[in-house]
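Reviewing the structure listed below.
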């Protein structure tokens, strides 16, 4: 997507950062990824999201690559972890992650 801008934002008061994907042509934020720096030199990536109308266009991968590049450069020696759906697992494995336990979402209306 030629009109896509990936922006890195960092909160001043917390160990929280994020990347957003913005479609300039349609004036719309179409994706994001959040990152939290935790105790014991751990970093968690969470809440990956891409707008349903923009999925399957490489936006998730672009957000992931920006976040991974940034943490690799600025957080040497930290452990990076994330929860992902099966559809995203190959991207993380490509980056050298090792799968942990399988977790299955369940729900029940009460």
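Since every read-out is calculated from the coordinates, none of them should be taken as a lab result. Values in this document were obtained by computation on a predicted structure and should not be read as measured data. Note that we place each Cβ from the backbone using ideal geometry, even for glycine, and neighbour counts take in every protein chain shown.
Out of 21, 82, 11, any idea which swings most in a Gaussian network model of the chain, alpha carbons joined below 10 Å?
In the Gaussian network model the winner is 11.
Can you give the % of DSSP beta bridges in the range 4-94 that are antiparallel, to the nearest 5?
Working: 22 of 26 bridges.
Given both bridge residues lie in the range 4-94, the antiparallel proportion sits at roughly 85 percent.
Take the Cα of residue 78, step 7 Å along the line toward its Cβ, and report every residue of the range 34-55 whose backbone nitrogen sits under 19 Å from that point.
Output list for this probe position: 34-49.
Below 8 Å, C-alpha to C-alpha, sequence gap of six or more: please give me the relative contact order for the chain in percent.
Answer for the chain is 19 percent.
Mind jotting down the distance between the C-alpha centroids of the range 63-110 and the range 1-41, whole Å?
First find each Cα centre; the distance between them is then 16 Å.
Among 102, 37, 50, what is the fewest-to-most ranking by other Cβ atoms within 10 Å?
By the 10 Å Cβ count, ascending, the order reads 102, 37, 50.
Sort 93, 39, 6 by Cβ crowding within 10 Å, fewest neighbours at the top. Please list the in-between numbers first.
Numbers: 93 12, 39 6, 6 17.
The most exposed by this proxy come first: 39, 93, 6.
I want to check the label-to-label distance for residue 95 and residue 16. Put each point 7 Å from Cα in the C-beta direction and report it in nm to one decimal.
2.0
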